[in-house]
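What follows is a single structure, written as C-alpha cells, with notes after it.
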Amino acid sequence: MTISYNWLSEYLPQSIDPEKLSQILTSIGLEVESLEKYEGIKGGLNGLVIGEVLECAPHPNADKLKLTKVNIGSGEPLQIVCGAPNVAAGQKVVVAPVGTTIYPVGNEPVTMKLAKIRGVESYGMICAEDEIGLGSTHAGIIILPEELTAGTPAVQYFKPYSDWVYEIGLTPNRMDAMSHYGVARDVCAYLTHHNKQETRPKIIFANGFKADNTDFPVKVTVENAVACPRYSGLTISDVTVGESPKWLKDKLAVIGLRSINNIVDVTNFILHETGQPLHAFDAKEIAGSHVIVKNLAEGTLFTTLDEKERKLSAADLMICDGNEAPMCIGGVFGGVQSGVKESTTHIFLESACFQSVSIRKTSVLHGLRTDAATRFEKGVDISNTVNVLKRAALLIKEVAGGTISSDVIDIYPAPKEKVTVSIRNHYLKKLSGKNYHADAVKRIVTSLGFEIIREGLDELILAVPYSKPDITLAADIVEEIVRIDGLDNIDIPSSITISPATDQSGLKEKNKEKIANYLAAQGFNEIFTNSITNSKYFEAEVLKTTVKMLNNLSADLDVLRPSMLETGLETIAYNINRKNNHLQFFEFGKTYFTSEPGKYKEEEHLSLYLTGNNHEDSWKEKGVEADFYRAKGIAAGVLHLCGIRELYFEKAEDAGVALQLMRNKKLLGTIAEVGKKKLQQFDIKQPVYFIDFNYGSILKELEKQKIVYKEVPKYPAVQRDLAMVVSSDTSYDKVEQVVKKLKLPKLKQVRLFDVFESDKLGAGRKSLAVNFVFLDEEKTLTDKETDTMVQKLIDGLEKELGAEIRK
C-alpha cells in the first residue's frame, strides 16, 4: 500500500520527521518496505532561475537563432543563444545556467555546459515547458509575468509538489490501516502510549452538515439486506464536471492515481483517506429516480465502465434503477451508462457496506480486482458510511460547485452490534512474553477505539470498534497491544526450552538434497513454479480428472496442475523471451487429480528441463547443444546416485520421441522431447527435453535398498572389446538384455563406446562397439577364463540378435 507523508501528516497533531515516522510505522506492524522522495516535476526545478532578457539580436551566423543577453540577478548578464521564435527583449523567462541539470519530458537528463553554437559561446539555456518537465509544449520559451524579479529561483514561483512516499507491506487482515486516516489513528495510538499523553488524529468529519434543499430526492430500496447490510446516499445538483484543483491532483498522483475528473477524483480521494469506497452515479440516468439493490437473473448482460459486456451471475449484487436495469455491480465496478460524464449535472452519491464474501465471489468471477472490491472483501467500517458520505458531498461542492439537494438516505435495517472480547492479564503475559501494567493496556486499547465494557481484577471486557472487523479473539487483542507497544520492544528471554525433534522424513529430504546437489553440479538451476495453472494448456480428456479451483484468483489460474511440464515451459518461455536461451532446470513438485467430487490424489515429482546448450561457449570449447541422449544420461545418473541400478528403457507408446525408465516392471519416470504443438502454446521455437520422475516410486525403491560395504578388489579387472554388426533397428538396450540373460557373475560392466553406420556394412546394418569389464574378487583372471566368457557372449549375441562379430 502507498502512503503519502504530506497527506498523512495532515491528520497528525504534531510534525514527525519522515525517517522517524518510517521507524514508528514499522514498529507498529506497518512495515515500511521503501521510503522514496517524490517530485511532481522531476528534479524539482532545482538550479533554474527567473531571468530578464535585456537584449535580443539575430545570430551573426544563423538565420533562425537569436543572440540574447539575460540578467539572472547576479554577476554579469549571460550571453545565451536561443532558437525559440517567441524570444524578445524585456521578457521574464526561465533560465538554466551552466551547471544546472534539466529533465526534458521523455528524454534523459541534461546538464548545461558552456557551448559554442555556430561560432558563438552560449552560457546556458532559456527554457520551454517540455525542456524542464512543466508540460509538453515546445512551441516556444516560457514567458512569465513582468512583475517577477530576475534571480528568483524558479521553484519559488512554480512551487512544484514534492513529498515522501511510503510503500507499506500491509498484511491481509489490516483493513483498518488501508487508508491514510487509519494509519494516522495507529500512529496517534503509538504516541499516546509512548508519550503517556492522549494524542488523537485531527477530526475530518463535518458535524454541521445539512442539505441545501430537497429538490432532487431519490428513493432507495434494498431487496438483499444480507449482501448489503447498510446503504447510504444523497443527491447533488448543478455540479460542473471538469478538471480537479491542483491540490487534489497532487494527492492522487503521489500515490500513483491518474486524475479523471473532479467528481471521480473526490471519490478516489475519500477512498484513500478513509478506506470507504464511494460511487457517483449520473442521477438523471436513474430511471424513476429509484435505486434498487438486488440480484438479477443468471446470464443477464451488463456493460461495465471498461466497455466490456459481462454475463452476470445470479449471486452478483447489482445496483439497479427504477426499471430494474443494472447500473453498477455493487461494491465492484460501475456501468458505462450511469457513470459520471462531462455532461453530468446531477449526481447520486452512494456510500454503502457490502458483505465481504459476496464481493469477493463477484470480483473473482469477473476478474475485477478493483480498489473498492479489495476494501469491501476485507470488511469496511459499517458505522462510518454516513460520515464519509457527508464529507465527500462537501468536498464535491468545493471542487465542482452545486447544491446538496436531498436529505441523507440511510437504509440500515439491522444495526450491527459490536463484537465483545475478553482479555486476561496472564494470557497477555503468556502470548507476549512481557508484563504490561494495567494502565498501559487500557491506554493502548482506548487509543485504538476499543470501549472498556467491564474491568475485573485480571480481566478486561472490550467492545471492538467497527473499524476492526478482523478482531474476534483474545489473541487479536494481544497482537494490538504488542503492536502499539512496538514489535521492537518484545522481550527476548535469556534462555529457551525446547524438546528434541525426531526426524520422521529423513530419507525423503536427504535424498532430495543429494539429488539437488548432483544436478547443481551438472549445471542445473532449481525452480519453484506455481501449482495452480491455466486450464487452456490441457486437452479436454485431461481436464476430466483435473482439480478445478472454485474461487480462482484469475482466469489464467483456474486448475491445479495435472502435469509438471506446463509450468516448467512457462519458466523456459519467460527466460527465452529475455535472451536467456541455454537452460537446465529441475523442480520438486506435485501434480493433482480427482476421480469424483471429494476424492483427490496428489503425486510427488522430480522434473528436469533441458534446452539450448549444456554450457555457454568458452575460449576452450564451444557449448554442446542438449539432446535426447544428454537427457537420458542425466536421468540414469540421478537414479544411479540413489542406488537404483538394473534399469531398462522402454519406448513410450503414442508419445513421439520418448522413453520410459523401468525397474522390475515398475515405471520410475519418462524422458521425452517436448512436441512442437506443446511448444507452440508457449511460443518456444527451440527443442526442449523433459525428464519426469515419479518421486514417490523412487522413494519406495530406496526403502528396499540395503547399503552393503565391499572391500576394494585386490585383483585387477580385465577388459575386452567386441564390435558387432546388427540390424539398424536393434537398440543397445537389447544388447544389454541378452548379456543379462547369460548371467555371467564375473562380468561387472557393459558399456557402448562407438556406433558406426556405412553402406560397406550392408543396407539396414550398423556396427556397435561394446566394452566388457570382467573381475574375479578371489583371484586374478586367466586369459582362458576370460576367453570362455567372451565366447559365451559371442554365442548369445549371434543367436539372439543375429549379430556378426567383427574380427
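Worth pointing out:
- All conditions but one from (1) at pLDDT below 95; (2) over 35 Å from the mean Cα position of the chain (by Cα) apply to K308; the one that does not is (2).
- Among the residues of the stretch 334-351, those identified as part of a strand (DSSP E or B) and at pLDDT below 95 are G334, G335.
- All conditions in (1) in a loop (DSSP other than H, G, I, E, B); (2) over 23 Å from the mean Cα position of the chain (by Cα); (3) farther than 18 Å from I102 by Cβ; (4) aliphatic (A, V, I, L, M) hold for A184, with the sole exception of (1).
- Pick from the stretch 322-373, criterion hydroxyl-bearing (S, T, Y) and within 21 Å of I236 (Cβ to Cβ), ranking: surrounded by the most Cβ atoms within 10 Å (Cβ to Cβ): S351
- Any hit, the stretch 640-649, residues being on the phi < 0 side of the Ramachandran plot and touching a Ser or Thr at 6+ places or on another chain (Cβ under 9 Å): yes
- Near pairs, Cβ below 6 angstrom, 6+ apart or cross-chain, from the stretch 96-122 (farther than 19 Å from G40 by Cβ and at pLDDT 90 or above) to any residue that is among the small types (G, A, S) and crowded, with 16+ Cβ neighbours inside 10 Å: P97/G124; V98/G124; M112/A96; M112/G124; A115/S122
- The listed residue being of a type in the set (G, A, S), in contact with a strand residue (DSSP E or B) (Cβ under 8 Å, 6 or more places away or on another chain) and closer than 30 Å to L557 by Cβ, out of S358, S363: S358
- Only one entry in T235, T267 is open to solvent by less than 40 Å² (accessible area, probe 1.4 Å), part of a helix (DSSP H, G or I) and at pLDDT 95 or above, namely T267.
- For the stretch 1-42, residues that are closer than 22 Å to I168 by Cα, among the aliphatic types (A, V, I, L, M) and either in a strand (DSSP E or B) or open to solvent by 10 Å² or more (accessible area, probe 1.4 Å) (or both) total 5.
- Test: residue in the stretch 444-459 that is at negative phi, at pLDDT below 95 and under 32 Å from the mean Cα position of the chain (by Cα): yes
- Positions within the stretch 493-505 being modelled with pLDDT of 75 or more and either open to solvent by 90 Å² or more (accessible area, probe 1.4 Å) or closer than 24 Å to G589 by Cα (or both), in sequence order: S494, I496, T497, I498, S499, P500
- Selected residue (criterion: nearest to I236 (Cα to Cα)) from residues of the stretch 293-321 that are open to solvent by less than 10 Å² (accessible area, probe 1.4 Å) and touching a Ser or Thr at 6+ places or on another chain (Cβ under 9 Å): I319
- Per-region count, the stretch 691-706, residues open to solvent by less than 20 Å² (accessible area, probe 1.4 Å) and within 22 Å of N534 (Cα to Cα): 1
- Matching residues, the stretch 773-795, being open to solvent by less than 70 Å² (accessible area, probe 1.4 Å) and in contact with a helix residue (DSSP H, G or I) (Cβ under 7 Å, 6 or more places away or on another chain): F774, L793
- Of all residues in the stretch 206-227 being of a type in the set (A, V, I, L, M) and not in a loop (DSSP other than H, G, I, E, B), the one that is farthest from E350 (Cα to Cα): V222
- Scanning the stretch 43-65 for residues that are hydrophobic (A, V, I, L, M, F, W, C), farther than 19 Å from V98 by Cβ and either open to solvent by 30 Å² or more (accessible area, probe 1.4 Å) or in contact with a Leu (Cβ under 6 Å, 6 or more places away or on another chain) (or both) yields C56, A57.
- For the stretch 713-720, the count of residues that are closer than 24 Å to R806 by Cβ and touching a helix residue (DSSP H, G or I) at 6+ places or on another chain (Cβ under 9 Å) is nonzero.
- Residue that is farthest from N489 (Cα to Cα), among those in the stretch 424-464 that are without any contact (Cβ under 8 Å) to a residue 24 or more places away in the chain, among the charged types (D, E, K, R) and assigned to a strand (DSSP E or B): R454
- Taken residue by residue, the stretch 552-566 has at least one member that is among the charged types (D, E, K, R), surrounded by fewer than 13 Cβ atoms within 10 Å (Cβ to Cβ) and modelled with pLDDT under 95.
- Here D163 passes the criteria (1) open to solvent by less than 40 Å² (accessible area, probe 1.4 Å); (2) in a helix (DSSP H, G or I) except the one numbered (2).
- Only one of the listed residues (T137, T171) is at pLDDT below 95, more than 18 Å from V254 (Cα to Cα), within 28 Å of the chain's Cα centre (by Cα) and not in a helix (DSSP H, G or I). That residue is T171.
- Residue that is modelled with the lowest pLDDT [pool: residues in the stretch 408-432 that are open to solvent by 50 Å² or more (accessible area, probe 1.4 Å) and within 36 Å of the chain's Cα centre (by Cα)]: L431
- All of K748, K740 fail the test of being among the charged types (D, E, K, R), closer than 22 Å to Y648 by Cβ and assigned to a helix (DSSP H, G or I), apart from K740.
- In the stretch 190-205, the qualifying residues are those that are in a loop (DSSP other than H, G, I, E, B) and in contact (Cβ under 8 Å) with a residue 24 or more places away in the chain, and the one that is most open to solvent (accessible area, probe 1.4 Å) is K196.
- From A414, A373, residue being under 30 Å from R310 (Cα atoms), of a type in the set (G, A, S) and either touching a Ser or Thr at 6+ places or on another chain (Cβ under 8 Å) or not in a helix (DSSP H, G or I) (or both): A373
- Among (1) touching a residue at least 24 places away in the same chain (Cβ under 8 Å); (2) closer than 18 Å to I805 by Cα; (3) out of contact with any Leu (no Cβ under 9 Å at 6 or more places or on another chain); (4) not basic (K, R) - the single one T730 does not satisfy: (3)
- Residues within the stretch 276-291 that are of a type outside the set (K, R) and surrounded by fewer than 22 Cβ atoms within 10 Å (Cβ to Cβ), tallied: 6
- Of the criteria (1) part of a helix (DSSP H, G or I); (2) in contact (Cβ under 8 Å) with a residue 60 or more places away in the chain; (3) within 30 Å of T782 (Cα to Cα); (4) open to solvent by less than 50 Å² (accessible area, probe 1.4 Å), which one L722 fails: (1)
- Unique match (being surrounded by 11 or more Cβ atoms within 10 Å (Cβ to Cβ) and of a type in the set (D, E, K, R)) among E621, E596, E604: E604
The values are calculated or read from the model by the stated rules, or taken from the named source; none is laboratory data. A quick note: this is a predicted structure, and the numbers were derived from the prediction, not measured. With ideal geometry, Cβ positions are generated from the backbone for all residues, glycine too; neighbour counts draw on all protein chains shown. These area figures cover heavy atoms from the full protein model, side chains too; ligands, DNA and RNA do not enter into them. Shrake-Rupley method; radii C 1.70, N 1.55, O 1.52, S 1.80 Å.
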